[in-house]
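For reference, the structure is listed below as structure tokens.
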Amino acid sequence: MKKVIALVDCNNFFVACERLYRPELVGKAVCVLSNNDGCVVSRSNEAKRLGVQMGAPYFMIKNQFKNVIFLSGNLPLYCEISLRVMQKLKDFTPDVEIYSIDEAFLDLTGLRKTFNCSYEEIVKKIVIEIKEETGIDVSVGLSYSKVLAKLASDKAKNIQKSQKRDDVESRVYKIGYRQIQKELKETLISDIWGVGKNTTALLKKHLIQTAHDFVSQDDIWLKKNLGKIGVDLKQELLGNSINPVNSKDVLPKSISRSESFKEFQTDKNYIQEELNSHVHKVCKKLRSLDLNTSCVEIFLRTKDFQVFSQKVNLVSPTNVEFELFDYCKKILDEMFQQGVVYRSVGFCAMKLTSSKTKQISLFEPKDKENKQNLSLSWDKLEEKFGKGIVKLGKL
């Protein structure tokens, strides 16, 4: 049985999240900026029509686009809404692979009997119910492999953009078996998911311009020039699922937190408080994933975007912020320069390992258990009364 794969992609996700809580932004040109207001990472359709480019540095375009509303990113909000979307997808199938904060692959194989309708009708239900229950618009690509599903999703977005449509029909695009060759002939190889600039340049040297040109090559040539990845890509483009949907959670290699200050800062106490807040949020995330960190990094970004960072290896792995505050204070004391104007501070936990298999150290502090209990109590208070219920005094 051929696999039936869908890619669900949230439209202009960060902007859409902001509009849920700020309806006055609807219909206006809006861009969301990356951490520390570095560059554009999400654009409303209105901003796209004005010519704002994805990835454009904020400091270069802020005076050029006076009618665009630029917003600092709010990652906790986006993660919360993303979780709602992903949970809704799992109402349709347990086989959901979260690819990014705003994209997920679904394996719908065999679900026609469950829903008593076609696969196309199933994904239309997904579009409608996600909008009704989360407020987020999504586009869905439907086909037989991840690569074709991604191509179909891109096609859906292109239709919405070129035809200025916003209905359910325009949000779903299907590449059926009979349409595969036609779609491949009309698609440049550079537009295929996973094909980068270097690969595109190599293929063009061999006069391979379209996806159809690519699948016309024999496996021996592809393996010689691109390795097994090239052969697998050919099969995926032909509608054979080589890279199945993987619903198992993949643990992160690092967890970081950073946010621009509301105003530029020269006050070390203020920066320390912001850093402590980041440390707590990262440690809370570590605890939720049953992970410890054995290496942490702090980075400071100045007003003119210079970045200073420093790492430290811990004596014992931990996910308790009360064990990290002293480390962070010492590092910040060394990094901070009087008179320098700063725009943000960040914290990153690295070298992550399972907290369930942690080796006991002979040099563990006597009050370690008390600090762990204090951290867990903090989590429970926030769960009951909301974030920010606990404030730290000066250390």
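What follows is calculated from the coordinates using simple rules that are stated; it is not laboratory data. All figures in this text were calculated on a predicted structure; none of them were measured in a lab. Positions of Cβ are generated from backbone atoms using ideal geometry, with glycine treated the same way; all protein chains shown enter the neighbour counts.
Checking the Cα-Cα distances for LYS2/LYS146; LYS90/LYS248; LYS131/LYS164; LYS157/LYS253 against a 21 Å cut-off, the pairs over it are LYS157/LYS253.
Just rank TRP193, TRP221, fewest to most, by other beta-carbon atoms within 10 angstrom.
Working: TRP193 15, TRP221 12.
The fewest-first ordering by Cβ neighbours comes to TRP221, TRP193.
Sorted by mean Cβ packing within 10 Å, highest first, what order do the peptides 272-280, 337-345, 237-245 take?
Values: 272-280: 20.8, 337-345: 16.1, 237-245: 18.0.
Packing proxy ranking, top to bottom: 272-280, 237-245, 337-345.
If you run the Gaussian network model on the chain, springs between alpha carbon atoms under 10 Å, then out of LYS205, LYS164, LYS28 the most flexible one is LYS205.
For SER72 and GLU263 in the same chain, what is the full-extension length gain: residue separation times 0.36 nm, less their Cα-Cα distance, in nm? Walk me through the intermediate numbers first.
Working: separation 191, 0.36 × 191 = 68.76 nm, distance 1.22 nm.
So the extension gain works out to 67.5 nm.
Of the DSSP H helices in the chain, those with a Cα length along their own long axis of 15 Å or more and a mean Kyte-Doolittle hydropathy reaching -1.0 comprise 75-89, 119-134, 146-163, 321-335. Taking max minus min of the alpha-carbon positions on each principal axis, region 5-176 gives extents of 55, 32, 27 Å, largest first. Packing-based ranking of 154-160, 316-322, 76-82, 250-256 yields 316-322, 154-160, 76-82, 250-256, ordered from highest to lowest mean Cβ neighbour count within 10 Å. Listed by chain and number, the aspartates and glutamates placed with their C-alpha closer than 14 angstrom to that of LYS62 are ASP37; residues fewer than eight positions away on the same chain are left out. Charge dipole of the chain (Cα centre as origin; +1 on each Lys and Arg Cβ, -1 on each Asp and Glu Cβ, all else neutral): 560 debye, rounded to the nearest 20. Using helices alone, what [θ] at 222 nm do you get for the chain, with -39,500 (n - 2.57) per DSSP H run of 4 or more residues, divided over all residues and rounded to the nearest 500? Value at 222 nm, helices only, nearest 500: -12500 deg cm²/dmol.
Backbone phi angles across region 104-116, fed through the Karplus curve with coefficients 6.51, -1.76 and 1.60 (θ = phi - 60°), yield HN-Hα couplings of 8, 8, 10, 9, 9, 3, x, 8, 4, 5, 4, 9, 6 Hz in residue order; Gly and Pro are listed as x.
Annotation: amide H-H contacts under 5 Å for CYS295 (H modelled 1.01 Å from N, sequence separation of 5 or more, or interchain): LEU314, MET350.
The label point for LYS185 and the one for ASP333, both projected 7 Å from the Cα toward the Cβ, are 7.3 nm apart.
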